[in-house]
Amino acid sequence: MSDALPIIYLARHGETAWTVSGHHTGATDLPLTARGEAEAILLAERLAGSTFAAVYTSPLARAVRTCELAGFGDRAEVDPDLREWSYGAYEGRTTADIRAERPGWQLFRDGCPKGESPDQIGARAERTIRRVRAIEGTVLLFSSGHFLRVLAARWLGLEPRMGRCFLLGTASLSALGYEHDRSEPVIRLWDEMPRAQRSTEVQPRGHGKEAGH
């Protein structure tokens, strides 16, 4: 057994039409845009030369395609727990639209009617954490923004609602790990992406877009 502490890399999928428009994209299986595919190829460059004990991807096409373009499609295992938050009645709607009828709504606090609550997605994140902690070595996960934000919160022992504090851009790379030993979980890297890609992530104030989906 290696004495090195494992690292869990998190890759968010590339751009889709609804990450641009800000519509909540849970089960709606949208493909990557041309720009999203280009982002995934850049992700491949950042991961080149890395070795992973295991690679897992969400079953959703946007994550699977990002995984393929990043160079791991031939060895990734599909894990249903990595799918995005189920938005239920709020699927396909923007935050601004939802708040027009439900003032003050917050996804990470309130969840979605006919969809998942923060506790339910938190339970999925917990299952993922148990799975990757049982693996000796570095792991790579491909998933969606809101799920990965909850996963980071639960890795740190925080409530699922604290996922609201961790913004993620498309095709970004993050890493969870430990400081001195496995009793001290930390975030080693968060929302890393090429500078040119990051400049296009900036949205004007009042756009009403949540960084997730």
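The values are calculated or read from the model by the stated rules, or taken from the named source; none is laboratory data. Everything quoted here is computed from the prediction, not taken from an experiment. Neighbour counts run over all protein chains shown; Cβ positions are idealised from the backbone, glycine included. Keep in mind that these areas ignore ligands, DNA and RNA; they rest on the heavy atoms of the full protein, side chains included. Shrake-Rupley method; radii C 1.70, N 1.55, O 1.52, S 1.80 Å.
Whether a residue is over 28 Å from G111 (Cβ atoms), out of contact with any strand residue (DSSP E or B) (no Cβ under 6 Å at 6 or more places or on another chain) and open to solvent by 10 Å² or more (accessible area, probe 1.4 Å) was assessed, and L5 does not pass this test. A11 fulfils the conditions (1) of a type in the set (A, V, I, L, M); (2) over 30 Å from D181 (Cα atoms); (3) in contact (Cβ under 8 Å) with a residue 40 or more places away in the chain; (4) crowded, with 18+ Cβ neighbours inside 10 Å except for a single criterion, (2).
Restricting A63, A38, A27 to residues that are surrounded by fewer than 21 Cβ atoms within 10 Å (Cβ to Cβ) and either part of a helix (DSSP H, G or I) or of a type in the set (D, E) (or both) narrows the list to A38. The residues of the range 69-81 that are touching a residue at least 12 places away in the same chain (Cβ under 8 Å) and surrounded by fewer than 24 Cβ atoms within 10 Å (Cβ to Cβ), listed by number, are L69, G71, F72, R75, A76, E77, V78, D79, P80, D81. Annotation note: of A125, A153, A100, the sole residue that is of a type in the set (A, V, I, L, M, F, W, C) and open to solvent by 50 Å² or more (accessible area, probe 1.4 Å) is A100. Scanning the range 128-144 for residues that are touching a residue at least 40 places away in the same chain (Cβ under 8 Å), of a type in the set (G, A, S) and surrounded by fewer than 24 Cβ atoms within 10 Å (Cβ to Cβ) yields one hit, G137.
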